[in-house]
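Single-structure report; data block below.
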Amino acid sequence: MNCFRKDKKYNDEQLKNIEKLAEELTPASEISALLNLPWLLVDINTPNNTARLAYLHGMAKTAHELRIKNLELARAMAPSAMDQCFSDLKRMNRELEDS
């Protein structure tokens with residue numbers, strides 16, 4: 001977790017737990033309660049905050065896994081998975097156009 005360390009507010013174990021819980025799709029308010037970090041919601045909404053980076057990294061890992069599973073289903077010709085993959089591709093193109 002050292003890639004997230006920029007301040008001393010969170011220790012490595014807390015950042016690891018934030019990331020793990022976000023990866024498990026736990027809402028930020030519940031992570032705050034589970035880890036007894038009442039200020040977490042503010043920090044997760046603060047750009048470049050170490051807690052936000054850990055939270056987003058956990059979410060991104062799960063999103064990536066879900067996209068891989070969806071792509072596998074699309075390759076097997078599942079219609080809803082194919083629709084979602086086309087939607088994902090369009091979003092990726094919009095990101096490129098917007099940058």
- Message: Pull out all pairs, ordered by first then second residue, where Cβ-Cβ is under 9 Å, the residues are six or more apart or on different chains, the first lies in segment 45-59 and is in contact (Cβ under 8 Å) with a residue 12 or more places away in the chain, and the second is hydroxyl-bearing (Ser, Thr, Tyr) and surrounded by fewer than 21 Cβ atoms within 10 Å (Cβ to Cβ).
- Response: Gly58/Thr26
- Residue tally, condition surrounded by fewer than 19 Cβ atoms within 10 Å (Cβ to Cβ) and either in contact with a helix residue (DSSP H, G or I) (Cβ under 7 Å, 6 or more places away or on another chain) or among the hydrophobic types (A, V, I, L, M, F, W, C) (or both), over segment 53-69: 10
- Message: What pairs come out if I take residues in segment 9-23 that are over 13 Å from Leu34 (Cβ atoms) and pair them with residues that are open to solvent by less than 60 Å² (accessible area, probe 1.4 Å) and among the polar types (S, T, N, Q) whose C-beta lies under 8 Å away, six or more apart or interchain?
- Response: Lys9/Thr50; Tyr10/Thr50; Leu15/Thr50; Glu23/Thr62
- Query: Can you pull out the residues in segment 71-85 that are among the hydrophobic types (A, V, I, L, M, F, W, C), open to solvent by 80 Å² or more (accessible area, probe 1.4 Å) and in a helix (DSSP H, G or I)?
  - Reply: Leu73
- Message: For segment 36-52, give me each residue that is buried (at least 17 other Cβ atoms within 10 Å of the Cβ) and either more than 11 Å from the chain's Cα centre (by Cα) or modelled with pLDDT under 95 (or both).
- Response: Leu37, Leu40, Asp43, Ile44, Asn49, Thr50, Ala51
- Query: Hey, any hits in segment 25-33 for a residue that's open to solvent by 70 Å² or more (accessible area, probe 1.4 Å) and in a loop (DSSP other than H, G, I, E, B)?
  - Reply: yes
- Some residue of segment 86-99 being within 17 Å of the chain's Cα centre (by Cα), surrounded by 11 or more Cβ atoms within 10 Å (Cβ to Cβ) and either of a type in the set (Phe, Trp, Tyr) or part of a helix (DSSP H, G or I) (or both): yes
- Could you tell me which residue of segment 1-24 is least open to solvent (accessible area, probe 1.4 Å), considering only residues that are modelled with pLDDT of 95 or more and not in a helix (DSSP H, G or I)? Tyr10
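The values are calculated or read from the model by the stated rules, or taken from the named source; none is laboratory data. The model shown is predicted, which means the values in this text are computed figures rather than measured ones. We place every Cβ from the backbone using ideal geometry, glycine too, and count neighbours over all the protein chains shown. Surface areas here come from the heavy atoms of the whole protein model, side chains and all, with no ligands, DNA or RNA. Shrake-Rupley method; radii C 1.70, N 1.55, O 1.52, S 1.80 Å.
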